[in-house]
1. Scan region 263-282 for residues that are in contact with a helix residue (DSSP H, G or I) (Cβ under 7 Å, 6 or more places away or on another chain) and in contact (Cβ under 8 Å) with a residue 24 or more places away in the chain and jot them down.
2. Mind checking which helices (runs of 4 or more DSSP H) fall wholly inside region 71-148 and carry at least 2 residues that are aliphatic (A, V, I, L, M) and in contact (Cβ under 8 Å) with a residue 24 or more places away in the chain?
3. I'd like to know if region 296-311 contains one or more residues that are in contact (Cβ under 8 Å) with a residue 60 or more places away in the chain, of a type outside the set (A, V, I, L, M), under 30 Å from residue 456 (Cβ atoms) and surrounded by 14 or more Cβ atoms within 10 Å (Cβ to Cβ).
4. Just to be sure before I move on: is residue 66 without any contact (Cβ under 8 Å) to a residue 40 or more places away in the chain and either assigned to a helix (DSSP H, G or I) or not small (Gly, Ala, Ser) (or both) in the structure I sent?
5. Out of (1) surrounded by fewer than 17 Cβ atoms within 10 Å (Cβ to Cβ); (2) in contact with a helix residue (DSSP H, G or I) (Cβ under 6 Å, 6 or more places away or on another chain), the odd one out for residue 486 is which?
6. Kindly establish whether residue 338 is open to solvent by less than 60 Å² (accessible area, probe 1.4 Å), within 40 Å of the chain's Cα centre (by Cα) and in contact (Cβ under 8 Å) with a residue 12 or more places away in the chain.
7. Being modelled with pLDDT of 85 or more, buried (at least 18 other Cβ atoms within 10 Å of the Cβ) and either among the basic types (Lys, Arg) or under 24 Å from residue 506 (Cα atoms) (or both) narrows it down to one of 244, 212, 206, so name that one.
Amino acid sequence: MTTSGRSDNTSKMTELVAVGSVKDPAICTKTVLQEQDKETVPLKKYITKTLKKHCSCAPSQAKRLLFDFFPVLKWLPKYRFRDWILGDVMSGLIVGILLVPQSIAYSLLASQEPVFGLYTSFFACLIYFLLGTSRHISVGIFGVLCLMVGQVVDRELQFAGYDLDSTDQNSLTHVELGNSTNVTEGVQTLNASAGILCNKSCYAITVGATLTFMAGVYQVVMGLFQVGFISVYLSDSLLSGFATGASLTILTSQVKYLLGISIPRSHGVGSLIFTWYHIFKNIYKTNICDLITSLLCLALLVPAKEINELYKSKLKAPIPMELFVVIAATLASHFGNLKEKYGSSIAGTIPTGFLPPSPPDWSLIPRIAGDAIAIAIIGFAITVSLSEMFAKKHGYTVRANQEMYAIGFCNIIPAFFHCFTTSAALAKTLVKESTGCQTQISGVITSGLLLLVLLVIAPLFYSLQKCVLGVITIVNLRGALRKFLDLPKMWQVNRTDTMIWLVTMASSAFISTELGLVIGVCFSMLCVIIRTQQARSTLLGWVDGTEIYEDQAVYKNLSSVQGVEIFRFEAPLYYANKEYFRSSLYKRTGINPISLISARKKIEKKLREQNQTDTANHDSSKKVDVVLPLCHDEAKFHTLIIDCSSVTFVDTVGVNILKEILKDFKEIGIQVLLAHCNPSIIDSLRRGGYLQKEDHSLLFHNIHEAVCFCKIKDVENGYCPGDETRC
């Protein structure tokens, strides 16, 4: 079956030539297909129609927009109370119990005081309940984002003149963040948005909230412009490598709490290496009390986590060992007076209730706007990937664009209530799903438990040692750090993905978190380009008695087709790999038409020079003796079939390369046929001038029909009579 492009004023026509019976190959039937007419809409009409569709104010349109923006209005009236309430309550309580110590611990990672971690988790659960489309993910604090926020906060604190190594951060009161100028630290900074002076802790949350606000704005804007495709460039291997690299940085930042030492803060490129240098330099200052407490907590938490992992299918709920450890450590620190006797660092005052809302510091936006971009993209990518994973597992759908809105507003609104950046978190989502979660009602239960802690229980954590919080943070990194054990298997499965993982991990850990993400994305895209530039190419052979043609380098017992070479290129054909395509074709077929044409021209030139001394008859016979063997003896085939089944698109440069190949091979007496071209490639070839009558070229729907066409021509021309049974 062959197709040739043909167009007129009204529509485009495609000729389909179906090869007839094998026994009578001279019989062919021709069918003409008419392509669908493409409607061309004037730009003005298209804009008017689009605006009318999206800006209409009909009641039905308003209702649809309201229900789309607040998915809770759709599923909450259909809530099956008897079937779902028990699972939602159980999962909500268990996740809330886990969130209390983690929220306090991750606040240190974000360079904030413990209460702000509780605020963040409380508001995130409530807002996602209203706006989210996933039934199972748990939205709240996430270690990698806390690290990224903490790095920006530390930089801005240092820029504002605060002492980053000061341990006196525990004097936060409602008054200081509300309307007072009373401060306890030597450095005082004006909070531009509130018109008041800030101490270190006040300024830290101001920076964190402003950064969170900008990240949320970016996420909502991306949702408005429907640019969720950005997450496509963050592959699983890239995200995994980034998480592991960031986990190494998180672990490094928490070691000082485990040892109870004070070291200079390191920022920028190589901060991880400098931090470890300062740790070993000051290790003789280790607080023995903090070290013993850290070792005891590790001895309890690590086995408990492993038990939860091994027996998660049998346990109705995971063992909340973190909560038990926090309670026990707080009691031991309080009654043992560990701060007074041994100088152990503690969490300090955690005020009850909520601080008055305040807007972000607009003057900070120019300094942190760039940092917020990476945070926004990572938060969105993690949330959408987890949402889609659990939606697929449980048989429902999520809307990626709405997820972007949801996580965006989970950052914008809480930013006014002294919160930092949030996203979905894998560990808590797994716990939530495994304990019977059915809907986001469980998030409301979690928020209720956090509210109880904020109103009543929070001050009881005053004596909790910071080393305990550091241990909790490090233990929760187990999943990301275990990826190192998977490297041999990853290398066997896909070496390119493994290299992406290694480069992203190393750059995130040893350069910086933000640059690591950029380097990972760039390296990942470079790998994609290299894959297309160095694409696989091969010659195909025929499986006897079938219409199947496969790779001669992979399969045995394949037959070659006499007089025909079949070439396959497994990549798009575009400007970046045009020369590789040409060189691969010449190498595989063993024919370089440009060299043959050049050699022929040299012989013809020599013959013209010899013609001046020899007779015309002698020269003519010599020319035939020399030139014809050059063209036919070296070319072992008379037809080249290019299999385009793996070519997804062809750009202008690709079309020009095909035109040059067609011209060069035609000049040495070899016809070129294309098979398996998809409609977009055919359209590109037509618009690029490849399909012209003077080329005598044909397109074929599959390889076998192109081979049959060649055999029919061979029979007609007497090249291989009696061999037409291949068709």
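The values are calculated or read from the model by the stated rules, or taken from the named source; none is laboratory data. This is a predicted model, so every value here is computed, not measured. Methodologically, a virtual Cβ is constructed for each residue, glycine included, from the backbone with ideal geometry; neighbour enumeration extends over all protein chains shown. The area values use the complete protein model at the heavy-atom level, side chains included, leaving out ligands, DNA and RNA. Shrake-Rupley method; radii C 1.70, N 1.55, O 1.52, S 1.80 Å.
1. 263, 264, 265, 267, 270, 272, 273, 276, 279
2. 81-109, 114-131
3. Looking through region 296-311, at least one residue is in contact (Cβ under 8 Å) with a residue 60 or more places away in the chain, of a type outside the set (A, V, I, L, M), under 30 Å from residue 456 (Cβ atoms) and surrounded by 14 or more Cβ atoms within 10 Å (Cβ to Cβ).
4. yes
5. (2)
6. Criteria not met by residue 338.
7. Matching residue, one of 244, 212, 206: 244.
Listed here are the residues, each with its yes/no results for (1) aliphatic (A, V, I, L, M); (2) surrounded by fewer than 22 Cβ atoms within 10 Å (Cβ to Cβ); (3) at pLDDT 90 or above; (4) over 20 Å from residue 378 (Cβ atoms).
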site	(1), (2), (3), (4)
240	no, yes, no, no
248	yes, yes, no, no
252	no, yes, no, no
262	no, yes, no, yes
282	no, yes, no, yes
285	no, yes, no, yes
289	no, yes, yes, yes
293	no, no, yes, yes
